[in-house]
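Here the structure is laid out as structure tokens; the discussion comes afterwards.
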Amino acid sequence: MAQPKFIFFSGRKDPDTGYDFCLKLTQEKGWVLTDNKQQADYIFVGGYLSALESFLSKKIVLASYDNPVKKDYWLMHPMAKYIGLNGGVPKKYSEEAYLWAKSQTWDKLAAEYESLWQK
């Protein structure tokens with residue numbers, strides 16, 4: 001019998017952060033929701049900083065959107081191609097995303113937010 005996959009939710013446990021979607025996905029895939037980030041195969045994130053931290057954990061990052069603003073929020077993320085959105089699941093973590101996250105600073109984050117607000 002195959003070992004179950006574990007998923008960790010990183011963020012506020014509210015519908016607007018994707019928590020309800022995470023629970024639904026967990027049930028559909030037969031995964032186990034865990035409170036232990038080190039045990040997790042996947043990390044479901046509610047926002048930018050959670051995604052950054054999850055890439056540093058060398059985990060597969062998942063997220064969801066339920067409106068056009070949140071969709072753009074995720075699709076404009078610098079590492080969007082490595083985030084499994086709305087049920088998509090990358091096969092493995094991305095070394096490129098890990099290196100990107102490792103290179104981030106508060107100054108770079110502030111510049112990224114300013115850039116997004118100007119679009």
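The values are calculated or read from the model by the stated rules, or taken from the named source; none is laboratory data. Only a predicted model underlies this, so the values are computations on that prediction, with no experimental measurement involved. Counting neighbours? That spans all protein chains shown, and the Cβs are built from the backbone with ideal geometry, glycine included.
Among the residues of the stretch 32-52, those that are under 17 Å from Leu85 (Cα atoms) and surrounded by 15 or more Cβ atoms within 10 Å (Cβ to Cβ) comprise Asp41, Tyr42, Ile43, Phe44, Val45, Gly46, Gly47, Tyr48, Ser50, Ala51, Leu52.
In the set (1) loosely packed, with under 12 Cβ neighbours inside 10 Å; (2) among the hydrophobic types (A, V, I, L, M, F, W, C); (3) modelled with pLDDT of 95 or more, the condition left unmet by Ile83 is number (1).
Going by the structure shown, is Pro90 surrounded by 13 or more Cβ atoms within 10 Å (Cβ to Cβ), of a type outside the set (Lys, Arg) and in contact with an Asp or Glu (Cβ under 8 Å, 6 or more places away or on another chain)? When the stated conditions are applied, Pro90 does not pass them.
A Cβ distance below 9 Å, combined with a sequence gap of six or more or placement on separate chains, defines the contacts here; from the stretch 69-84, residues that are over 13 Å from Tyr48 (Cα atoms) reach no residue that is of a type in the set (Val, Ile, Thr) and at pLDDT below 95. The listed residues are Leu49, Leu25, and the only one of them that is in a helix (DSSP H, G or I) and in contact with a Gly (Cβ under 7 Å, 6 or more places away or on another chain) turns out to be Leu25.
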